[in-house]
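This report refers to the structure that appears directly beneath it.
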Amino acid sequence: MNPKYAPLFESFTFSKGIELKNRIVMAPMTNFSSNQDGTVSNEEIKYYVRRSKGVGMVITACTYVTANGKGFHGEFGGDSDDMIPSLRRLATAIKEQGAKAILQMFHGGRMCPPELVPNGELVSASAVPAEQGAPPSAKGVIPRALSGSEIETIIRDFGETTRRAIEAGFDGVEIHGANGYLIQQFFSPHSNRREDQWGGSLEKRMAFPLAVVDEVKKAVADHAKSPFIVGYRFSPEEPETPGITMADTLALVEALADKNLDYLHASLMDFWSTPRRGVDDTRPRIELIQEQAGDRVPVIGVGSIYTADDALKALQSGVPLIALGRELIIDPDWVEKVEQGKESEIVTKLNKDHQQQLVIPDPLWQAIIHTPGWFPGVE
């Protein structure tokens, strides 16, 4: 190994004592490749196995915690005990390659395709349709505002899915509070126009995300017999008006840092992106987040990191863990190549002829090649 990349291969130990063999994490990425009944497919297992050998930790694609939260075609379920054997297959496959296995959990809210949820009824914090990012079948659809009792039920569902993750052998869970899904919908002033305990002020818009954190932690305390990781992923800003600002997110990060979580995961398309609004600071968002909370909770950074030098520069920002998303689809051997001093052989543009050797399931492959600009080198 080139000695300058040694920092990427230092071990990292969470406060609970769980140790990662290096600083590289596989980011959670939807792959659209599960079976129709919500179980993990054989193709999906192979896809994860191909990418789990080098990294220290794998965060899976999101699993829905309740039937009306299924956000994608080909998404695997965590909403019933019937799914535990399926979840166990996935956890075992990842861990057998030497990586820690983290199950990402979510509810899609108003971003769900209506054809995937019971009665086609979308739900959210308020009856406000998504302006952007929604799947074609959900565009313009006005969701129904959840009742207070329904909110409490969904919070409990996050706890129940955490229990299933524990029983399935995962090393931890990640609460998906990013990318415009239900948890973010409660935090956002665009999607949350409530005037009860779950909305209104900034503090009340935090109530649902923080209640989910508390419920997940309670499930871990009640059911885990060994240390179990709990992380939280968030998107720093929204383009909508009104929408989440950087100032809002720093307040949320402050509250999350007080929850004794194992990590915070900033969802960014570009690691070095800068704030759009809310703060008079032109430093990268990740630096502001690290400054706000990094002394209390480890921060994972992600976004357009392709080369070993990209990863090293990101690590030098002070963030202790670096997640690779698209790059691990493009080159599953990224970590091993750096470790073996072959960083010059890293592939950073997706080769359209290499689907089989990259072990990319066909639904994901079709999504990639039909989404211009999503992957480098694929038009």
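The values are calculated or read from the model by the stated rules, or taken from the named source; none is laboratory data. Keep in mind it's a predicted model, so treat the numbers as computed, not measured. Using ideal geometry, Cβ is built from the backbone for each residue, glycine included, and neighbour counts are taken over all protein chains shown. Calculation scope for accessible area: heavy atoms of the full protein, side chains included, ligands and nucleic acids excluded. Shrake-Rupley method; radii C 1.70, N 1.55, O 1.52, S 1.80 Å.
If you go through segment 186-199 one residue at a time, how many are part of a helix (DSSP H, G or I) and under 14 Å from ILE155 (Cα atoms)?
Keep residues of segment 186-199 that are part of a helix (DSSP H, G or I), which gives 186-187.
Of the ones still in play, those that are also under 14 Å from ILE155 (Cα atoms) are 186.
Summing the residues that are part of a helix (DSSP H, G or I) and under 14 Å from ILE155 (Cα atoms) in segment 186-199 gives 1.
So that you can scan it fast, the table gives a plain yes or no per residue for (1) open to solvent by 10 Å² or more (accessible area, probe 1.4 Å); (2) of a type in the set (Gly, Ala, Ser):
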position: CYS62; (1), (2): no, no
position: PHE76; (1), (2): no, no
position: ASP79; (1), (2): yes, no
position: LEU87; (1), (2): no, no
position: LEU90; (1), (2): no, no
position: ILE94; (1), (2): no, no
position: GLY98; (1), (2): yes, yes
position: GLY109; (1), (2): no, yes
position: PRO114; (1), (2): yes, no
* Within the set of pairs 6 or more residues apart or between chains, which connect a residue that is more than 18 Å from VAL230 (Cβ to Cβ) and modelled with pLDDT under 95 inside segment 169-193 to a residue that is open to solvent by 10 Å² or more (accessible area, probe 1.4 Å) and not in a helix (DSSP H, G or I) with Cβ atoms less than 8 Å apart? -> none
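Would you tally the residues in segment 74-92 being in contact with a Gly (Cβ under 7 Å, 6 or more places away or on another chain) and farther than 18 Å from ARG51 by Cα? Quick ask: steps written out before the conclusion?
Initially, segment 74-92 is screened for residues in contact with a Gly (Cβ under 7 Å, 6 or more places away or on another chain), giving 76-77, 83, 87-88, 91-92.
Those still in the list that are farther than 18 Å from ARG51 by Cα too: 76-77, 83.
The number of residues fulfilling the criteria is 3.
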* To do: Starting from segment 239-253, take each residue that is within 13 Å of SER201 (Cα to Cα) and list its partners that are open to solvent by 30 Å² or more (accessible area, probe 1.4 Å) and of a type in the set (A, V, I, L, M, F, W, C), counting only C-beta distances under 7 angstrom and pairs at least six apart or across chains.
  => ASP248/LEU202; ALA251/LEU202
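With respect to ARG296, is the statement that it is closer than 30 Å to LEU252 by Cα and open to solvent by less than 60 Å² (accessible area, probe 1.4 Å) true? Talk me through it step by step, then tell me what you get.
Working: closer than 30 Å to LEU252 by Cα: yes; open to solvent by less than 60 Å² (accessible area, probe 1.4 Å): no.
Against the criterion (closer than 30 Å to LEU252 by Cα and open to solvent by less than 60 Å² (accessible area, probe 1.4 Å)), ARG296 does not qualify.
Can you tell me which residue among ARG277, ARG193, ARG205, ARG285 is over 28 Å from MET57 (Cα atoms) and either in contact with a Cys (Cβ under 7 Å, 6 or more places away or on another chain) or crowded, with 20+ Cβ neighbours inside 10 Å (or both)?
ARG205
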* **Scope segment 335-354; condition surrounded by 15 or more Cβ atoms within 10 Å (Cβ to Cβ) and either part of a loop (DSSP other than H, G, I, E, B) or over 24 Å from the mean Cα position of the chain (by Cα) (or both); matching residues** => LYS337, VAL338, GLU339, GLU343, ILE346, VAL347, LEU350
* Kindly indicate the residue of segment 22-57 that is in contact with a helix residue (DSSP H, G or I) (Cβ under 8 Å, 6 or more places away or on another chain) and among the basic types (Lys, Arg) and also surrounded by the fewest Cβ atoms within 10 Å (Cβ to Cβ) among those meeting that condition. => LYS53
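Quick one: is LYS4 at pLDDT 95 or above and closer than 22 Å to ILE300 by Cα? Please lay out each step first, then the result.
Details: at pLDDT 95 or above: yes; closer than 22 Å to ILE300 by Cα: yes.
Yes.
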* To do: Scan MET29, MET111, MET83, MET57 and give me the residue that is out of contact with any strand residue (DSSP E or B) (no Cβ under 8 Å at 6 or more places or on another chain), of a type in the set (A, V, I, L, M, F, W, C) and on the phi < 0 side of the Ramachandran plot.
  => MET111
* **Leading residue by the ranking (surrounded by the most Cβ atoms within 10 Å (Cβ to Cβ)) among those in segment 146-173 that are within 15 Å of ARG89 (Cα to Cα) and of a type outside the set (Gly, Ala, Ser)** => ARG164
* Give the residues of segment 253-266 that are open to solvent by less than 20 Å² (accessible area, probe 1.4 Å) and either touching a helix residue (DSSP H, G or I) at 6+ places or on another chain (Cβ under 8 Å) or more than 14 Å from ASP295 (Cα to Cα) (or both), sorted by residue number. => VAL253, LEU256, ALA257, LEU261, LEU264, HIS265, ALA266
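Step by step: first the residues of segment 2-21, then only those that are farther than 24 Å from ASP310 by Cβ and not small (Gly, Ala, Ser), then the one that is most open to solvent (accessible area, probe 1.4 Å). Which residue is that? Walk me through it before giving the result.
First, pick out the residues of segment 2-21 that are farther than 24 Å from ASP310 by Cβ: 13-19.
Filter again for not small (Gly, Ala, Ser), leaving 13-14, 16, 18-19.
Numbers: THR13: 72, PHE14: 5, LYS16: 81, ILE18: 21, GLU19: 102 Å².
Here the residue is GLU19.
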